[in-house]
């Protein structure tokens with residue numbers, strides 16, 4: 001409702017403290033800009049995160065209150081680390097048993113390999129639905145394992161038949 005000329009009073013703007021004559025009786029600010037700014041400032045609640053990154057330990061003051069990582073890199077690294085930890089671990093006893101079974105030599109080049117430097121090679125690659133059972137693993141040197149890749153050749157089939165036939 002508009003204010004009549006007889007009842008014009010001077011008010012102070014709640015945002016900028018300037019004196020103004022209101023056009024409407026409900027008006028509390030001198031302009032729509034002050035009104036908009038005041039409303040948005042009232043809505044803003046300062047959010048401070050007092051924690052630190054779960055991966056690297058950096059401060060999270062500039063992040064939202066529910067953040068636990070400082071960057072996408074830390075999220076990715078932490079996820080990959082946790083995921084690998086669950087899927088890629090093989091016990092030392094299991095590795096030792098396979099090493100002893102193959103007499104400590106590479107099944108491809110027949111060269112002796114030390115226990116610290118050998119790799120377990122999947123005879124049927126996991127990309128071709130091979131599993132990680134001891135019957136599908138064989139001792140190989142790093143060079144032979146990396147050179148072979150995911151190919152399935154005669155050597156792998158011979159080793160598989162040797163491992164799967166009962167003695």
* To do: Scan (1) under 12 Å from residue 108 (Cα atoms); (2) in a helix (DSSP H, G or I) for the single condition residue 162 breaks and write down its number.
  => (1)
* **Any hit, segment 101-124, residues being within 30 Å of the chain's Cα centre (by Cα), farther than 30 Å from residue 50 by Cα and at pLDDT below 85** => no
* Number of the condition not met by residue 115 [criteria: (1) outside any helix (DSSP H, G or I); (2) in contact with a strand residue (DSSP E or B) (Cβ under 7 Å, 6 or more places away or on another chain)] -> (2)
* To do: Can you give me the number of residues within segment 94-112 that are surrounded by 13 or more Cβ atoms within 10 Å (Cβ to Cβ) and in a loop (DSSP other than H, G, I, E, B)?
  => 6
* Starting from segment 1-14, take each residue that is assigned by TED's automatic domain parsing to the domain that holds residue 29 and modelled with pLDDT of 60 or more and list its partners that are surrounded by 10 or more Cβ atoms within 10 Å (Cβ to Cβ) and part of a strand (DSSP E or B), counting only C-beta distances under 9 angstrom and pairs at least six apart or across chains. => 10/20; 11/20; 12/20; 13/20
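The values are calculated or read from the model by the stated rules, or taken from the named source; none is laboratory data. Computed from a predicted model, the values in this text were never measured in an experiment. Neighbour counts run over all protein chains shown; Cβ positions are idealised from the backbone, glycine included.
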